[in-house]
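Student: Structure incoming, see below.
Read the figures in this text as sums done on the coordinates, not as results from a lab. Predicted model only: the values in this text are computed from it and were never measured. Note that we place each Cβ from the backbone using ideal geometry, even for glycine, and neighbour counts take in every protein chain shown.
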Amino acid sequence: MLVQLGAELCGLFAVVLLTLRFAAQLPIPTPNTYSFALVFALVIVSLNGVFGLYRHIGNLTFGAYLMRAALAPAIGIPLAYLVTEVLPGGESFQEHVVVVGLSALVGLLLVRHTIVLPLVHAVMSHRVLVLGTGPEAQFVEASLARVGSKGIALVGFYAPENGEPVIVSAQQLVTADRRLEDHVRKLRVDEIIVAVRQQRGGVLPLRSLLECRLNGVQVTDMARFFERVQGRIPIDLVKASWMIYGNGYRQGWLRTINKRTTDVVIATLLLVLTLPVMAIAAAMIVVESGVPVIYRQTRVGRRGKHFTMLKLRSMAPDAESADGPRWAGVNDSRVTRIGRLIRRTRIDELPQLINVIRGEMSLVGPRPERPEFVAMLTEKLPFYAVRHSVKPGLTGWAQVRYSYGATVEQSMKKLEYDLYYVKNHTLVLDLQIVLETIRVVLFGEGAR
């Protein structure tokens, strides 16, 4: 990703300079020209990040990918135009800003698909050997294929000594005519992924794994593999000892102070900026279905403490009078017409900024659930209470990586992403989640 960001930034910078040189007939580039080119390149790369183009894009159709790639110049051109208003000598850039934008889009796609991605696969490839041939190994194979991991090359599967069934690609099987360490050396393996569920009774070649490890080859179990590649911690692969002795789960005082300060400052600013939007939405709610406008609901926060979460009402006033609490479904009949609009745009969540300022929530964290659902999910899902070790959030890792959870199975999948956040939360991860939330809101992902 860092190579891609650097290459695309340099490529865009060069494209803008060349376009201005030939379209505007500029002589030798001036410091102002360099400034415009750098600002424009930074704006486009930042917008690409917001639209998710630096994530794995294997699940995007070609049309959706092209639309997101075109959105960055479409928004970046007006932004860059406004920036040049305050910089001296910006007239030449403003006159040719459309040509610059189109050149940037074409140049970006060329740099990405003819230089960066082939270079990453050819030169910076991380070579992986999977120890196992059964369902777990097939799971690893499918996972790498599904996410389209950049820079990861699966070189083959090595059969363990327990004679488990072979259900992976037969053409990628590594013959058992030599020791594991010999195959690792021959195939130039960087990492061994241990994909065997039953590891007792001499199944694993421990002596060979130790020798590989001492020679600098990384050895990774399934839980850590999925944590790194998919950004989640699979429940069925995790034991309490793994969480107790593993890294992460930082709750230091400095992190707490930084997070709280950031929450208060940004939430206050957003509350002021979005008050007109909330006022308009409130008026539309009153016109359609009357009062109340604000919906108050009990949720479970940090350490299991209950608090009252605020939302703009998106359902009929008596929506739960008959059936009681239940998850929202697709095309839920309880949701009003205005409710569908404010849910899709996430406007209904804006009053939770008050919860953030109060200290009951954070801007980023696992989404808070209702006590009735928490009691049920705690009983059915192991480690569900772990998500209550941090404050719930207005947005979260599960919200930008997974769809709406309306069943126990979907809740388990969301819990895997929540566990990843609890284990790895940092200011950088919070910033990434905030940027990806913009993408989720713009494209209406996961709303019900």
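Student: Each label point is 7 Å from the Cα along the Cα-to-Cβ direction; what then is the distance between the points at Q172 and I354, in nm?
Tutor: Output for this residue pair reads 5.3 nm.
Student: Taking a threshold of 26 Å on the Cα-Cα distance, which of the pairs K239/K414; K239/K423; K186/K423; K259/K305 fall above it?
Tutor: Working: K239/K414 18 Å; K239/K423 14 Å; K186/K423 36 Å; K259/K305 19 Å.
Among K239/K414; K239/K423; K186/K423; K259/K305, the Cα-Cα distance tops 26 Å for K186/K423.
Student: For region 253-442, what class follows from the C-alpha gyration tensor (a ≥ b ≥ c being the square roots of its eigenvalues): rounded when a/c is under 1.5, otherwise prolate if a/b is larger than b/c, else oblate? Walk me through the numbers before you get to the answer.
Tutor: Values: a/c = 1.73, a/b = 1.19, b/c = 1.45.
Because a/c hits 1.5 or more and a/b fails to exceed b/c, region 253-442 counts as oblate.
Student: Highest mean first, what order results for 272-282, 188-198 on Cβ atoms within 10 Å? List each step's numbers first, then the result.
Tutor: Working: 272-282: 13.8, 188-198: 19.3.
My ranking of the peptides, most packed first, is 188-198, 272-282.
Student: Assuming R0 = 30 Å, can you tell me the calculated FRET efficiency for the pair V219 and L119, based on Cβ-Cβ distance, to the nearest 0.05?
Tutor: Details: r = 28 Å, r/R0 = 0.93.
Approximately 0.60, to the nearest 0.05.
Student: Still on this structure, please answer the following. Between S389 and W253, what is 0.36 nm times their sequence separation minus the Cα-Cα distance? Round to one decimal in nm. Before the final figure, lay out each step's value.
Tutor: Values: separation 136, 0.36 × 136 = 48.96 nm, distance 1.44 nm.
Full-extension gain reported as 47.5 nm.
Student: Among the aspartates and glutamates, which fall within straight-line cross-link reach of K380, defined as a Cα-Cα distance under 17 Å, with same-chain neighbours fewer than 8 residues apart omitted?
Tutor: Here the aspartates and glutamates satisfying the reach criterion relative to K380 are D236, E369, E372, E409, E416, D418.
Student: Output the peptides 357-363, 395-401, 180-186 sorted from most to least packed, where packing is the average of other Cβ atoms within 10 Å over each peptide's residues.
Tutor: The densest-packed peptide leads the list: 395-401, 357-363, 180-186.
Student: Next up: Note the full-extension length gain between K239 and V291 as 0.36 nm times their separation in residues minus their Cα-Cα distance, in nm to one decimal.
Tutor: Values: separation 52, 0.36 × 52 = 18.72 nm, distance 4.84 nm.
Result: 13.9 nm gained on full extension.
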